[in-house]
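Q: Mind having a look at this structure? Questions to follow.
The values are calculated or read from the model by the stated rules, or taken from the named source; none is laboratory data. Remember, predicted model here, so these are calculated numbers, not experimental data. Positions of Cβ are generated from backbone atoms using ideal geometry, with glycine treated the same way; all protein chains shown enter the neighbour counts. Ligands, DNA and RNA are excluded from the accessible area calculation, which covers all protein heavy atoms including side chains. Shrake-Rupley method; radii C 1.70, N 1.55, O 1.52, S 1.80 Å.
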Amino acid sequence: MVLIAVFGVALLVAVLLSGLAARTVLSTSFLFLAGGALVGDGGLGLIHISADSRIVSVTADLALFAVLFTDGMHISFPSLRRAWKHPARALGLGMPLAFVFMALVTHYLVGLDWVTSFLVGAVLAPTDPVFASAIVGRKEVPARLRQLLNVESGVNDGLALPVVLLLIAAAGPVAGAHAEASPPTIVLELALGLVLGITIPLLVNGLVRLPWLGAEPKLQPLLPLATGVTLYALCHLTHANPYLAAFSAGAVVAAVSPEAKRAFEPLGESLAELAKFAALLVFGALLTPHLFGDLPLGGYVAAVLALVLIRPASLLLSLIGTTIDRREKLTAAWFGPKGFASVVYGLLVLQSGIPQAEKAYTLIAVCIAFSIVAHSSTDVPIARMFHVNDLVGIPDADDGGTETKDTADIREGAHRAGT
């Protein structure tokens, strides 16, 4: 109950400060991360959470599923067919380069063995745009940049998972559910996740279109929610990859039922935000002084390089020769934050029991913490470069603190006319 109370207070503070955060470097994500660290064992000791606590893996898993499901709804297949080359380059070349570069840095600076170093590289390879919402969530930002970041982050989680599982198996004796993982099993889980992610939304859409069935308007937003909940349960019951299933299901819902997507979008975004905040609070509670003290100096150097060199260099190399302009390339290169996929996969490493699991997890956790702080606090300033200046529904500083809906609509319409 203490954890629920802490979450409620943190949510209230975040909502009250969200208007300020939307205009400045202050980040609601950082508030939850810092709040978790404050009330955890490294701070006031109000809540006691360890990395092997069930609540850690469950909240991270739910958050990643919810975020990928809503992200998938932002995918437009017609536009993707016209502009698939940039995401393909990021996934086919940029991601492997970041994977290899991170492994080299980990081995030589932190001293982990080669297999564990490549495991760290695989865990930190996936990106997550939820900490760059001012970029991926604004229509003023060029569509190809938003699409590049969204598609890359949605697909790379599923691509990284089999590599993570195989490297855990190769690193030494493992414990838990993944002890019996084998390449055929992993491929089957990925394929089953994709199949479920496609077929479940199609089945639901077919049922809705039957003459004697259908959702009344006020309940229509719950239809995609029911689809997502059912899909999440089926994935865990059948051991299908839930992350690939979530992203593909969101994309299918948007493609076959645009009206359901529009009805669900406000609810879905709010639920994804809640899941994200809960996961950040729990993860923040794991960030104790002891954890940071366990990481050697070389680990801190590796964490900084992961943010400022490895990701930017990997993506910029993969985009050489493309038509994306320099400003968009630099933005995409910077916004490669490590998010919930890395949290989930890092926990898999820790719970695997391999020889260097704790050292690898410590480096992973510090990298994620640095990434959340750096990327969630720079999305608004960088968004200004794309003329994202007005925030619909949030009063301007000079309008006396009030703004009617009509005023907001007029201001938004004027902005669109000006662009």
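Here's the yes/no breakdown for (1) under 20 Å from M95 (Cβ atoms); (2) touching a residue at least 24 places away in the same chain (Cβ under 8 Å):
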residue: T227; (1), (2): no, yes
residue: F247; (1), (2): yes, yes
residue: P258; (1), (2): no, no
residue: L281; (1), (2): no, yes
residue: L305; (1), (2): yes, yes
residue: P312; (1), (2): yes, yes
residue: T322; (1), (2): yes, yes
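Q: Now for a separate question. Being assigned to a helix (DSSP H, G or I), in contact with a helix residue (DSSP H, G or I) (Cβ under 7 Å, 6 or more places away or on another chain) and open to solvent by 60 Å² or more (accessible area, probe 1.4 Å) is the filter here, so list the residues in the range 190-219 that pass it.
A: Answer for the range 190-219, where residues must be assigned to a helix (DSSP H, G or I), in contact with a helix residue (DSSP H, G or I) (Cβ under 7 Å, 6 or more places away or on another chain) and open to solvent by 60 Å² or more (accessible area, probe 1.4 Å): L194, I198, L202.
Q: Starting from residues that are farther than 18 Å from L291 by Cα and more than 15 Å from the chain's Cα centre (by Cα), keep the ones in the range 335-354 and report whichever is modelled with the lowest pLDDT.
A: Residue satisfying both the conditions and the ranking: S352.
Q: Confirm whether S342 is touching a His at 6+ places or on another chain (Cβ under 7 Å) and open to solvent by less than 10 Å² (accessible area, probe 1.4 Å).
A: no
Q: Can you give me the number of residues within the range 223-245 that are open to solvent by 60 Å² or more (accessible area, probe 1.4 Å) and either modelled with pLDDT under 90 or more than 23 Å from the chain's Cα centre (by Cα) (or both)?
A: The number of residues fulfilling the criteria is 3.
Q: I'm trying to understand the selection: among the residues of the range 246-270, which are surrounded by fewer than 23 Cβ atoms within 10 Å (Cβ to Cβ) and within 14 Å of the chain's Cα centre (by Cα)?
A: E269
Q: Sticking with this structure for a sec: From the list H415, H375, which one is modelled with pLDDT under 80, open to solvent by less than 60 Å² (accessible area, probe 1.4 Å) and assigned to a helix (DSSP H, G or I)?
A: Of the residues listed, the single one that is modelled with pLDDT under 80, open to solvent by less than 60 Å² (accessible area, probe 1.4 Å) and assigned to a helix (DSSP H, G or I) is H415.
Q: For the range 283-300, which positions are open to solvent by less than 30 Å² (accessible area, probe 1.4 Å) and either over 16 Å from F370 (Cβ atoms) or part of a helix (DSSP H, G or I) (or both)?
A: F283, G284, A285, L291, G298, G299
Q: I would also like to ask the following. Which condition breaks for A88 when tested against (1) in contact (Cβ under 8 Å) with a residue 40 or more places away in the chain; (2) open to solvent by 30 Å² or more (accessible area, probe 1.4 Å)?
A: (1)
Q: Something else: Could you tell me which numbered condition A175 fails, if it satisfies all but one of (1) surrounded by fewer than 21 Cβ atoms within 10 Å (Cβ to Cβ); (2) outside any loop (DSSP other than H, G, I, E, B); (3) modelled with pLDDT under 70; (4) among the hydrophobic types (A, V, I, L, M, F, W, C)?
A: (2)
Q: Do we find that F99 is at pLDDT 85 or above, assigned to a helix (DSSP H, G or I) and touching a Pro at 6+ places or on another chain (Cβ under 7 Å) in this structure?
A: Spelling it out, it is not the case that F99 is at pLDDT 85 or above, assigned to a helix (DSSP H, G or I) and touching a Pro at 6+ places or on another chain (Cβ under 7 Å).
Q: Return the total of residues in the range 228-262 being over 14 Å from L68 (Cα atoms) and of a type in the set (V, I, T).
A: Going through the range 228-262 one residue at a time, the tally reaches 3.
Q: For the structure I just gave you, tell me whether G121 is modelled with pLDDT of 85 or more and open to solvent by less than 40 Å² (accessible area, probe 1.4 Å).
A: Considered against the rule, which asks whether it is modelled with pLDDT of 85 or more and open to solvent by less than 40 Å² (accessible area, probe 1.4 Å), G121 comes out as yes.
Q: Given the criterion within 21 Å of the chain's Cα centre (by Cα), within 22 Å of L124 (Cβ to Cβ), assigned to a helix (DSSP H, G or I) and of a type in the set (G, A, S), identify the matching residue among A303, A278.
A: A303
Q: So, one more: Would you point out which residue out of L31, L38, L20 is surrounded by fewer than 18 Cβ atoms within 10 Å (Cβ to Cβ) and either at pLDDT below 85 or not in a helix (DSSP H, G or I) (or both)?
A: Selected residue: L20, the only one of L31, L38, L20 that is surrounded by fewer than 18 Cβ atoms within 10 Å (Cβ to Cβ) and either at pLDDT below 85 or not in a helix (DSSP H, G or I) (or both).
Q: Kindly establish whether I135 is at pLDDT below 80, open to solvent by less than 60 Å² (accessible area, probe 1.4 Å) and in a helix (DSSP H, G or I).
A: So I135 passes the test.
Q: Take the conditions of a type in the set (S, T, N, Q), assigned to a helix (DSSP H, G or I) and in contact (Cβ under 8 Å) with a residue 60 or more places away in the chain and apply them to S270. Does it pass?
A: Considered against the rule, which asks whether it is of a type in the set (S, T, N, Q), assigned to a helix (DSSP H, G or I) and in contact (Cβ under 8 Å) with a residue 60 or more places away in the chain, S270 comes out as no.
Q: Going by the conditions given, is V56 hydrophobic (A, V, I, L, M, F, W, C), under 22 Å from F340 (Cβ atoms) and either outside any loop (DSSP other than H, G, I, E, B) or open to solvent by 50 Å² or more (accessible area, probe 1.4 Å) (or both)?
A: Criteria met by V56.
Q: Continuing with this model, one more query. Quick check on my filter: what residues within the range 311-334 are at pLDDT 90 or above and open to solvent by 10 Å² or more (accessible area, probe 1.4 Å)?
A: Hits for the range 311-334 are R311, P312, A313, L316, L317, I320.
Q: Within the range 181-207, can you find the residues that are farther than 18 Å from A251 by Cβ and more than 23 Å from the chain's Cα centre (by Cα)?
A: The answer is A181, S182, P183, P184, T185, L188, L207.
Q: Same structure, new question: All but one of (1) under 30 Å from L281 (Cβ atoms); (2) under 20 Å from the mean Cα position of the chain (by Cα); (3) modelled with pLDDT of 85 or more hold for V155; which doesn't?
A: Just one mismatch for V155, condition (3).
Q: List pairs: first in the range 45-62 and free of Cβ contacts under 8 Å to residues at least 12 places away in the same chain, second hydroxyl-bearing (S, T, Y) and surrounded by fewer than 20 Cβ atoms within 10 Å (Cβ to Cβ), Cβ under 6 Å, 6+ apart or cross-chain?
A: none
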